[in-house]
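Colleague: Here it is, the structure in full.
The values are calculated or read from the model by the stated rules, or taken from the named source; none is laboratory data. Please read these numbers as outputs of a predicted model, since none were measured by experiment. When we count neighbours, we look across all protein chains shown, and the Cβ atoms used for this are built from the backbone with ideal geometry, even at glycine.
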Amino acid sequence: MSQKDRYYAVVDRYEDVVTDGVTAQRIVKPVFRDGLCVYRRPPAVSGNVVIEQEQCEVLRPTPQGIYHVPGHDPRADEKAQAMERYKARHENVIIGPFESLPAAMIAQENARPKTQAETLAAENAELRAQLEKQKSKG
């Protein structure tokens, strides 16, 4: 039975930066991009001889902060459980699971706290729309 892929997103905070009169956003100290060790088997040792090296499978996010758990992965359930534990420890910082990469990216953008410049721009757009509506009525 094939399972679905799962995506988890890291929600970063941004700040306004003004350079030469232009306001831009940048990440305020990226939350984290930790690799999660989702499976670890200690080394097999006989006497002083290592028979088998330690094994550790690490789940890493993309540079954009998206963790991907492939449904075809034999350890998909273990990885999803690790992500759920990680998500519980980092409340409001990791969101998911999502069934697709676009859904995770959209949710990540919507969950991100907006900067002051973004909030003011949205309010300005709303006021302009109301003004245009009033002009068209009158």
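Colleague: Out of (1) among the polar types (S, T, N, Q); (2) at pLDDT 85 or above; (3) part of a loop (DSSP other than H, G, I, E, B); (4) more than 16 Å from ARG112 (Cβ to Cβ), what's the single condition that is false for SER2?
Modeller: (2) is the only condition that SER2 fails.
Colleague: Turning to a different aspect of this structure: Which residue out of ASN110, ASN124 is modelled with pLDDT of 90 or more and under 21 Å from VAL18 (Cα atoms)?
Modeller: Sole residue among the options that is modelled with pLDDT of 90 or more and under 21 Å from VAL18 (Cα atoms): ASN124.
Colleague: Right, here's the next one. If you scan region 39-51, which residues turn out to be within 27 Å of PRO70 (Cα to Cα) and either surrounded by 11 or more Cβ atoms within 10 Å (Cβ to Cβ) or at pLDDT 80 or above (or both)?
Modeller: The initial filter retains those residues of region 39-51 that are within 27 Å of PRO70 (Cα to Cα), namely 39-43.
Within region 39-51, TYR39, ARG41, PRO42, PRO43 meet the criteria.
Residue-by-condition table, conditions (1) closer than 16 Å to ASP12 by Cβ; (2) of a type in the set (A, V, I, L, M, F, W, C); (3) surrounded by fewer than 15 Cβ atoms within 10 Å (Cβ to Cβ):
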residue: GLY65; (1), (2), (3): yes, no, no
residue: ASP73; (1), (2), (3): no, no, no
residue: ARG85; (1), (2), (3): no, no, yes
residue: ASN92; (1), (2), (3): yes, no, yes
residue: ILE106; (1), (2), (3): yes, yes, yes
residue: ASN110; (1), (2), (3): yes, no, yes
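Colleague: Name the single residue, out of those in region 58-84 being more than 14 Å from PRO97 (Cβ to Cβ) and of a type in the set (Val, Ile, Thr), that is nearest to the chain's Cα centre (by Cα).
Modeller: Looking at residues that are more than 14 Å from PRO97 (Cβ to Cβ) and of a type in the set (Val, Ile, Thr), I get THR62.
Colleague: Then there is this: What are the pairs, 6+ residues apart or on separate chains, where a residue within region 58-82 that is among the basic types (Lys, Arg) has its Cβ under 8 Å from a residue that is outside any strand (DSSP E or B)?
Modeller: What qualifies is ARG60/ARG33; ARG60/GLY35; LYS79/ASP73.
Colleague: Shifting gears a bit: Go through (1) assigned to a loop (DSSP other than H, G, I, E, B); (2) over 25 Å from ILE106 (Cα atoms); (3) within 19 Å of the chain's Cα centre (by Cα) for CYS37 and report which single condition fails.
Modeller: Condition not satisfied by CYS37: (1).
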